[in-house]
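Notes follow once the structure below has been shown.
None of the figures in this text is laboratory data; all of them are computed from the coordinates on show. The structure presented is a predicted model; accordingly, all values stated were derived computationally and were not measured. Using ideal geometry, Cβ is built from the backbone for each residue, glycine included, and neighbour counts are taken over all protein chains shown.
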Amino acid sequence: MFFDQQKSVMAFLQHFALLLALIIVFSTSCKAVTLEVGSVEVGYNDSSKSSATEDTSTSINGSTDGHAPSVISTLPIVTWKWHHIETPYLVALWILTCWLCKLVCELNHNVTSVIPESGLLIILGFILGGIIWGADKAQTFKLIPTNFFYYLLPQIILDASYCMPNKLFFSNLGAILIHAIIGTCWNAATVGTALWACYEGGAMGTLNIGPLQFLLFGALISAVDPVAVIAVFEEVHVNEVLYILVFGESLLNDGVTVVLYNVFDAFVSLGGLKINAAEIVKGIVSFFVVAFGGSFLGVVFAILISMLTRVTKNVQVIEAGFIVVLGYLSYLTAEMLSLSAILSITFCGVCCQKYINANMDEKSVTTLRYTLKVMANGSETMIFVFLGVSAIDKNIWVWNTGFILLTIFFVVVFRFIGVFFLNWVLNQSRLIPIDITDQFVMAYGGLRGAVAYGLAALLDEKKIPEKNLMLGTTLIVVYFTVILQGITMKPLVQWLKVKKATHSDLTLNGKMNNRAFEHILTAMEDICGRMGDNWWTRHWSYFEDKYVCRLLMKSDARKHKDPIFGAFHKLNLEDATKYVIEGERKGSLAFIRNYDSASVDFKKKLALEYADFITADVSEYDFGIDNVPVTSVMKNPIPSVSLDIHEQDRKSMPDDLSAHHLLDQHLYKSRRNNCPTYSRSHYNTSENPDEMQEIFQRTMRSRLESFKSAKMGVNPAKKLSKYPKKDSAHKPNGKPADPHRTHPYGDEDFGFSADSASSSEIADHFHGRSTNTPGAGVDNPAFIPEMDISPPMRNPPWQTETGNKTAVAPSQRAQGRLPWMPTNLRHLAPLRMSTHSTDAFVMADASLDEEAPEKKPGTHHTRL
Amino acid sequence: MGSTNSTLLKIPNVEVLMQETGFSPAHIIRLHDRFKALDKEGRGHLCPHDFGAIKELAMNPIGDRIIGAFFSPGKETVDFHTFVKILAHFRPVDKDRPKEPNSPEPINSRSNKLKFAFQLYDQDKDGKISRDELLQVLRAMLGMQVTDEQLESIADRTIQEADLDRDDTISFEEFRKSLEKINIDHKMSIRFLR
């Protein structure tokens, strides 16, 4: 088994490699393809054809306008327009390629459990880069900083910040900020100076790098990359405080790094001589303005988004899109104002999540979450692959062993020193001190990634002559941290016995007591007369309740934001899901498909009656045919759509499905299937009540007629003695069934079968029913429909459980009955006892000429 | 340091108190100052209305119960020792302090913290949280937006969750079990009491 799997995986890999090669060859050298497909170019004259191919071969980047044949002699039917679509086509192809790479990585979990996915992607990137190199003999594709910063990074940051555990983030914000700001500055300064000192000491030979350039390099190399960190730490599952510290730090630290980078870049442009105290002060001021301005802008956008989602109820379909677009705009706006774009989008996501989740429809929230996840994961994959692809480039590799090794050394060492020192300071005042092992993992988790690479690629070669050395070194540092540290992270975490994340179930007790604890703590702080952490939390939540929520939240959303109530709601939802799954396992598909019990009853009922009709139809009219096909038809459809519990238990799903299929061929088509309206935001299964009414009445009438005819002994059915086999199949206890059935043949109406042998037996049945029904009618209010279409039809299913109704005549089987009701799910509160259970036959008899039976008082079920 | 010692000396049995609660002299002094500030009339003990004078406490939905926790049944006053002992519940657990095997369980142990929370629910002191007691607390904490029926079903469900012996009440053992996964040491500790 295992080898089979391996074999198939290997085969897939081979195919995939071929496919990849094909894609690369196709996208890089379109010349060959053009020639190959050239025969398609019907109607092109020779000159235009050759010019088109020439264009392709000369410029890959396609500056031609695509209207190559300016003079045509005849109308072209199909033309080859590569240049029209070249760029988007290549982009799409590359996205596809990168995602396929991810697919390959995930194929074998034995590998991903050792090497983190990010590392694998980089390695696959090497291979792809190699293929390109082989095809093009040049580096045609690489990660361009503009693309990275404007198209790949924003969604990753937005996703990360939107999914950030808010409370955890803000309660650790102090530590995160200290690590992000002071830690980054420390790293940048020390790595820069140490490298410069080593250079002065002669460790690197002669390089054209000044001290400022070294500092600039130190700044860009100190960016702990959130993408890499998320990718590695998500697989490790460390405890949540450690996770939020590492993750939050890496997120904010990016912003800080970019700011630092810009400041140092400006210094480098100014030149060492012009820098005086004033410029340095300006640099520091600009650092804070850029960082906090960006954060502030993000908060402003968060407020905008939250307010917008208050009013987007009518455009629910694109609701989720607003958040993506506005988040992106917050990024671009910050960039435009030369504020920190990363910090802006981070704070935008973190601040708005609570309000938009409350304001938007649940579906929109899910949509947004998945959209962001798709985009973020997609870009993440692309970034890693391209980090690998970019490596295969002769130009960037300027090797300087001293520089490279020293960089790696300093990056790691100063990261450790910085983290340990800052944590020591923080631990002086922390309630829960950060463990030494946690500190170690934090320091070790300082993975460098695409941000550093992007910044390095942004360097201006005129100002920094050794740009390529820096770029190459950055790449090596990235590979070193992502691949080596990534691989060793998991064993290290296990070896150090770092506290793992404890998965705690959602419980009302937990929620409630957490709340109680908060109240207790604030009260104690008040009694002690000190302003503690809880003081801030409490006052913020008070302020939020009073002003912020009023501004940013819909009024009805405000009501439901209470966490205890939210937990209650969520738990109930979970139970409902379980209930449905359980029901499905037991085989009652139609019950699942229909949301309300009335339509369940109806659908089931109709199906049954049709089934009766069909089989009876066959048996009645195909006298010449022997019994085998008839029984085979009967055997399947009837029991499988039967609502009887015991039969359902014996039925397997495929049978059920095929039965449904068969029935669908014969059933009233109009009700559900021809529903012409398609709404994207609503999924409504309720059928037209008038139609239901009509069907109901027709059914009842025909039943009553045949019932009466049976009573009077004018029942014409004679051929039904072939049914016992089927009937006994219905009955678990093998009790002999009523052998005679009838149906009003010749009528296009629904079939009906009643006991023709003795009317007293029917009466017995009825008696049995009526004694069973009252009090047994436990009805689940969750499934009470909006329209109480036909209470008479809704006989609760669990009467059958009483056991004395095992000799179910087909006619009574036709009574609508829910196939299975969970009696063991005691969580699904509140179950209600209904005394209003009615017998369809009795009802129909009584209300033969009455318009609507459900108008009878007392048959109404109170709705929730 | 002279003032420190003189304040400490004013408190009777301060050594015993420090032993029992694990508070440092600095904490004791700070709490003593606070105690005196609360005790406006200088009687040496606090009455419920002294606590009621704390403005923020009046805003606390379960503030009454918390105040009630300071007063042992039948007593109308709380002296400094009891005051400090109650607050000692919220001292963070210190790992460094060596554990003496035969010393009594410290006040800030997990189960003592839980007991403190438990007695806030259990107003009639029968060792069980009944449905009514739970409802009262829930009503206080949930606010007006939740309807009575919702509140009741939440209470039912909460009891159902914790209730292991199906007696429709939550005993302390069940209470402790239901909060097994919650880090009480973190949630029931105040930083400045460390």
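Quick one: how many residues across the range A:321-350 are surrounded by fewer than 24 Cβ atoms within 10 Å (Cβ to Cβ), part of a helix (DSSP H, G or I) and not polar (S, T, N, Q)? Of the residues in the range A:321-350, 10 are surrounded by fewer than 24 Cβ atoms within 10 Å (Cβ to Cβ), part of a helix (DSSP H, G or I) and not polar (S, T, N, Q).
In the range A:419-431, is there at least one residue being assigned to a loop (DSSP other than H, G, I, E, B), under 30 Å from B:VAL93 (Cα atoms) and over 39 Å from the mean Cα position of the chain (by Cα)? Scanning the range A:419-431, I find at least one residue that is assigned to a loop (DSSP other than H, G, I, E, B), under 30 Å from B:VAL93 (Cα atoms) and over 39 Å from the mean Cα position of the chain (by Cα), so the answer is yes. Taken over the range A:145-189, the residue count meeting the criterion of being of a type in the set (Val, Ile, Thr) and either surrounded by fewer than 16 Cβ atoms within 10 Å (Cβ to Cβ) or in contact with a strand residue (DSSP E or B) (Cβ under 9 Å, 6 or more places away or on another chain) (or both) is 4. Of the residues making up the range B:64-82, one or more are acidic (Asp, Glu), part of a helix (DSSP H, G or I) and without any contact (Cβ under 8 Å) to a residue 40 or more places away in the chain. Go through the residues of the range B:174-192 one by one and say whether even a single one is facing another protein chain (nearest Cβ under 7 Å), of a type in the set (Asp, Glu) and buried (at least 16 other Cβ atoms within 10 Å of the Cβ). For the range B:174-192, residues facing another protein chain (nearest Cβ under 7 Å), of a type in the set (Asp, Glu) and buried (at least 16 other Cβ atoms within 10 Å of the Cβ): absent. Please verify whether B:ARG30 is within 11 Å of chain A (Cβ to nearest Cβ) and charged (D, E, K, R), treating the condition exactly as stated. In short, yes.
Just the residues that are within 7 Å of chain A (Cβ to nearest Cβ) and closer than 20 Å to B:LEU142 by Cα, please, taken from the range B:53-69.
Once the filter is applied, which keeps residues that are within 7 Å of chain A (Cβ to nearest Cβ) and closer than 20 Å to B:LEU142 by Cα, the range B:53-69 yields B:GLU56, B:LEU57, B:ASN60, B:PRO61, B:ILE62, B:GLY63, B:ILE66.
Pairs linking a residue in the range A:367-387 that is surrounded by fewer than 22 Cβ atoms within 10 Å (Cβ to Cβ) to a residue that is of a type outside the set (D, E, K, R), with Cβ atoms under 6 Å and 6 or more positions apart or on different chains, are A:THR367/A:ALA320; A:THR371/A:ALA320; A:MET375/A:GLN155. Starting from the range B:162-173, keep only residues that are at negative phi, then list their pairs with residues that are loosely packed, with under 12 Cβ neighbours inside 10 Å and part of a helix (DSSP H, G or I) whose Cβ atoms are within a distance under 6 Å, requiring at least 6 positions of separation or different chains. From the range B:162-173, no pairs qualify. Scanning the range A:91-120 for residues that are in contact with a Ser or Thr (Cβ under 6 Å, 6 or more places away or on another chain) and within 20 Å of A:ASP393 (Cα to Cα) returns a single hit, A:CYS98. Taking the listed residues A:LEU431, A:LEU426, the one that is in contact (Cβ under 8 Å) with a residue 24 or more places away in the chain and touching a Lys or Arg at 6+ places or on another chain (Cβ under 7 Å) is A:LEU431, with no other qualifying.
Looking only at the range B:6-27, residues that are within 14 Å of chain A (Cβ to nearest Cβ) and farther than 16 Å from A:MET524 by Cβ come to 1 in all.
Taking the range A:454-554 as the region of interest, the helices (runs of 4 or more DSSP H) fully inside it that hold 2 or more residues being within 12 Å of chain B (Cβ to nearest Cβ) and surrounded by 16 or more Cβ atoms within 10 Å (Cβ to Cβ) are A:508-528, A:533-543.
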